[in-house]
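First comes the structure, then the notes that go with it.
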Amino acid sequence: MSRYHISTTAVAAAPIEVVWARVADITTWSQWGQWDETTRVREGDPAPDGVGALRRYRRGRRVHTEEVVAFEAPRRLAYEVREGLPVRDYHAEVTLEPVGGGTRIRWESDFDGANPIGGWAVFQVLKRFFPATARALARVAEGDAPAAPAA
């Protein structure tokens, strides 16, 4: 069985709190990401999207469920797949870091394939999906950010 790793970064010209507001609220992910629907199945601590929250994602006919395992506002969200993908031990993290008036977004995941073909197929999809998703998060956060005062 192969272990897969994916890592990508993007930079948003928006404050970390603005980016975090999008990361922390699963109900917004389908507005800016590549999902058709994102819903909260169970609240976590802190409510609503903290540790223990179950989140469901639908893209086409594919549905998977993730559980939040770390929620450290406004810097780190980690989650694990609970069902719906042909992988084992899937762990992902979104970390935010202030950089020069903006925010660096790092999105990483590690997982084992449930079988050689399934793991490889998920890796092939996610290695394109994560960079596009991180860029989309940066763009939406930039649109959410307050405008700079006129000089």
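The values are calculated or read from the model by the stated rules, or taken from the named source; none is laboratory data. Fair warning: this is a prediction, and the values are worked out from it, not measured in the lab. Heads up, the Cβs are rebuilt from the backbone with ideal geometry, glycines too, and the neighbour counts pull from every protein chain shown. Accessible surface is based on the protein model in full, side chains and every heavy atom, while ligands, DNA and RNA are left aside. Shrake-Rupley method; radii C 1.70, N 1.55, O 1.52, S 1.80 Å.
Structure notes:
- Residue with peak Gaussian network fluctuation, the chain [Cα springs, cutoff 10 Å], from V125, V99, V18: V125
- Region 8-67: GluC sites (Glu not before Pro) in DSSP coil with no more than 14 other Cβ atoms inside 10 Å: E43
- Split the accessible area of region 8-108 by element, probe 1.4 Å, and carbon with sulfur accounts for 45%.
- Computed over the chain, the per-residue total of -39500 (n - 2.57) for DSSP H runs of n ≥ 4 gives a 222 nm mean residue ellipticity of -9000 deg cm²/dmol, rounded to 500.
- Accessible area per residue, Å², region 68-143 with all protein chains present, probe 1.4 Å: 46
- Segment E43-R139, extension gain: residue separation times 0.36 nm, minus the distance between their alpha carbons: 31.9 nm
- Seen through its C-alpha gyration tensor, with square-root eigenvalues sorted a ≥ b ≥ c, region 64-115 comes out prolate because a/c lies at 1.5 or above while a/b is bigger than b/c.
- Percentage relative contact order, the chain, counting C-alpha pairs under 8 Å, at least six apart: 31
- Farthest toward the positive end of the dipole of the chain, out of T8, V94, L54, is the Cα of T8, where the dipole comes from beta carbon charges about the Cα centre.
- Tilt relative to the chain, helix 116-144 - C-alpha long axis, 0 to 90 degrees, to 10: 10
- Among the listed values [x] 15.2, 46; [y] 17.9, 55; [z] 15.5, 59, the one computed from these coordinates for Rg and Dmax of the Cα atoms in Å is [z].
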